[in-house]
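Take a look at the structure set out below.
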Amino acid sequence: MTLNSLGLDSTKTKGLADDLNHLLANFQIYYQNLRGIHWNIRGKRFFDLHVKFEELYTDANMKVDLIAERILTLGETPFHTFEEYVGNAEVPVGKNVSQDDKAVRLIVDSLTELLKIERSILESSDEASDEGTNSMMSDFITEQEKTVWMMKAWLNEAV
């Protein structure tokens with residue numbers, strides 16, 4: 001086993017960086033979805049949702065930066081082209097979403113996909129003793145679980 005300057009197994013960190021790039025691609029699609037629904041939302045709930053979607057896309061933008069910087073910290077290069085994002089993402093793409101229920105559903109569906117990826121990275125980072133990635137995933141998961149709960153409550157659905 002070869003340790004890098006962080007004291008982590010170089011082979012495992014390469015795999016983690018690959019997984020983080022996958023997460024980064026999905027987060028970029030999620031971020032763009034949030035921008036789109038922020039811009040295009042219509043109806044009687046416009047004022048509340050417009051503000052909420054801005055809050056969410058601002059948070060997603062910060063998380064994109066954290067993920068990319070973690071990939072760099074692990075010694076790899078983050079994805080940075082739309083081709084890479086689209087080619088490596090499972091998060092659904094929301095196009096021309098302007099109805100409140102559809103917009104909130106898009107957020108729930110997107111976060112559900114992100115949580116799956118983050119839980120997988122959490123397991124891998126734990127196995128690699130990578131506390132930095134592990135901590136970041138734990139924080140993301142905690143915040144996003146709460147957002148899913150709130151969005152599902154808005155939709156009048158159980159978690």
Being of a type in the set (A, V, I, L, M) and in contact (Cβ under 8 Å) with a residue 60 or more places away in the chain is the filter; apply it to the stretch 1-23 and report the residue that is nearest to Ala89 (Cα to Cα). Leu23
Within the stretch 100-123, is even one residue acidic (Asp, Glu) and touching a Lys or Arg at 6+ places or on another chain (Cβ under 9 Å)? yes
Hey, Val97 hits all of (1) surrounded by fewer than 14 Cβ atoms within 10 Å (Cβ to Cβ); (2) part of a loop (DSSP other than H, G, I, E, B); (3) touching a residue at least 12 places away in the same chain (Cβ under 8 Å) but one; which does it fall short on? (1)
Quick one: is Asp65 surrounded by fewer than 22 Cβ atoms within 10 Å (Cβ to Cβ), under 21 Å from Ile141 (Cα atoms), among the charged types (D, E, K, R) and in contact with a Ser or Thr (Cβ under 7 Å, 6 or more places away or on another chain)? no
If a residue has to be over 22 Å from Ser5 (Cα atoms), hydrophobic (A, V, I, L, M, F, W, C) and outside any helix (DSSP H, G or I) to count, how many in the stretch 45-81 make the cut? 1
Looking at Ile141, Ile71, which is the one that is in contact with a Lys or Arg (Cβ under 9 Å, 6 or more places away or on another chain), aliphatic (A, V, I, L, M) and free of Cβ contacts under 8 Å to residues at least 60 places away in the same chain? Ile141
Does Thr58 count as surrounded by fewer than 19 Cβ atoms within 10 Å (Cβ to Cβ), over 20 Å from Val159 (Cβ atoms) and among the β-branched types (Val, Ile, Thr)? yes
Selection status of Ser110, among the small types (Gly, Ala, Ser) and without any contact (Cβ under 8 Å) to a residue 60 or more places away in the chain: no
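Taken together, the values in this text are just the output of simple stated rules run on the coordinates, not laboratory data. All figures in this text were calculated on a predicted structure; none of them were measured in a lab. Ideal geometry is used to build each Cβ from the backbone, glycine not excepted, and the neighbour counts take in all protein chains shown.
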